Amino acid sequence: MRLNVGIDVSKETLDLCLLLNQAKSGSKFKCFKNRKIDYLAINDWILKLSKCQPNDIVITMESTVVYHEAIALYLYSMGFQIFISNPGKAKKFSQALGLIHKTDKSDAYMLARYGDAQNEHIHLWKPDDTNIRNIKTLTRRLSALEKDRLRESNRLEASEISDAHDRVLLSITRIIRILEGEIQEIENEIDTIISACPTMKKNHDLLMSVIGIGKVMSRELVYLFSAKNFSTAKQAAAYVGLTPKLNESGSFKGRTTLSKIGPSRIRSKIFLAAVSAGTHNPDIKAQKNRLLAEGKTKMQALGAAMRKLIQICFGVIKNQTRYQSALALN
């Protein structure tokens, strides 16, 4: 017998619902603080009421930015089966159930019901290995530092134009220098982790063989292909938001654009790599020229270049072979 637990996760609290039967009134609810010192109490509460072993219990929670990660990792380590649901799919399921009121308690109940409804189709969550988790946290910090540097650079430009006081210019310059030093140290730490892992190191070297992929883009893609188990190049392109999105309604025929679903950080870096590849990579350059000759806009050709570039990188990793131009092979 398998029991289902739903956890509605927020920054401060964890609302639990132990689904004893399909009726909400027959389920058990409990709210805990979202802090590690309370995780053992959560474990004990679930086991006491369910009277089951952890591997007979599926715990469903929605993916959040970061707030679900610690509790998911803890409960996984205790032997529970963890299901991290897509927020969009869970919302549609809630609407199908006819749940009108949105509260933490009802969300926990809905997630428990959603996990139960998935049954044999459930895709259980497993944590990434230590290297991937470390790179993930370092990459988040790196992204934040890069945004801070861009903001300070914009402030410096505006201050110079407005002839601001020298002390203001000195302050901004100092902050930029500190941020650049931190960025360099974080990048070095990521490179150290990659170099220490034989698989990541090899993948990094293979990606560097792709014309248009530099050290920065290679670092991002090593993490992406390590953290995500894509089975096809199309899946990789879709995850990053590089699949075409048709814009039509009635007689209106709009231009095809990118879906832009997924991590914008990686997409923005692929954009820069595709610009370079459009000049130096023979496969990307040939595609760009063909699309422009067919009447496509420069942005449409660039979007296609981004998609082809991620597909080439996927092929290099999947086949574990260095990049060779398709034109050179023909």
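The values are calculated or read from the model by the stated rules, or taken from the named source; none is laboratory data. This is a predicted model, so every value here is computed, not measured. Using ideal geometry, Cβ is built from the backbone for each residue, glycine included, and neighbour counts are taken over all protein chains shown.
Numerical summary
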read-out	value
Subset of the stretch 1-36 (residues that are assigned to a strand (DSSP E or B), under 19 Å from residue 110 (Cα atoms) and of a type in the set (Lys, Arg))	28, 30
Set 143, 162: member being at pLDDT below 95, closer than 29 Å to residue 84 by Cα and hydroxyl-bearing (Ser, Thr, Tyr)	143
Which numbered condition residue 174 misses (of (1) surrounded by 14 or more Cβ atoms within 10 Å (Cβ to Cβ); (2) in a helix (DSSP H, G or I))	(1)
Selection from the stretch 263-294 of residues that are surrounded by 14 or more Cβ atoms within 10 Å (Cβ to Cβ), out of contact with any Asp or Glu (no Cβ under 6 Å at 6 or more places or on another chain) and not aliphatic (A, V, I, L, M)	263, 265, 267, 271, 276, 278, 281, 283, 285, 287, 288
Scope the stretch 276-309; condition in contact (Cβ under 8 Å) with a residue 24 or more places away in the chain and outside any helix (DSSP H, G or I); matching residues	281, 297
Test: residue 39 is part of a helix (DSSP H, G or I) and in contact with a Pro (Cβ under 7 Å, 6 or more places away or on another chain)	no
Considering residues of the stretch 62-100 that are in a helix (DSSP H, G or I) and of a type in the set (Gly, Ala, Ser) only, the residue surrounded by the fewest Cβ atoms within 10 Å (Cβ to Cβ)	88
Scope the stretch 311-330; condition out of contact with any Phe, Trp or Tyr (no Cβ under 9 Å at 6 or more places or on another chain), modelled with pLDDT of 90 or more and part of a helix (DSSP H, G or I); matching residues	311, 319
Test: residue in the stretch 16-35 that is out of contact with any strand residue (DSSP E or B) (no Cβ under 8 Å at 6 or more places or on another chain) and within 24 Å of residue 133 (Cα to Cα)	yes
Neighbours by Cβ (under 8 Å, 6+ apart or cross-chain): first from the stretch 50-66, under 18 Å from residue 122 (Cβ atoms); second of a type in the set (Phe, Trp, Tyr) and modelled with pLDDT under 90	60/114
Restricting the stretch 113-128 to residues that are at pLDDT below 85 and not aliphatic (A, V, I, L, M), the residue that is surrounded by the fewest Cβ atoms within 10 Å (Cβ to Cβ)	120
Options 137, 103; residue that is β-branched (Val, Ile, Thr), without any contact (Cβ under 8 Å) to a residue 12 or more places away in the chain and either under 30 Å from residue 171 (Cα atoms) or surrounded by 12 or more Cβ atoms within 10 Å (Cβ to Cβ) (or both)	137
Residue within the stretch 27-43 that is touching a Cys at 6+ places or on another chain (Cβ under 8 Å), within 18 Å of residue 8 (Cβ to Cβ) and either of a type in the set (A, V, I, L, M) or surrounded by 17 or more Cβ atoms within 10 Å (Cβ to Cβ) (or both) present	yes
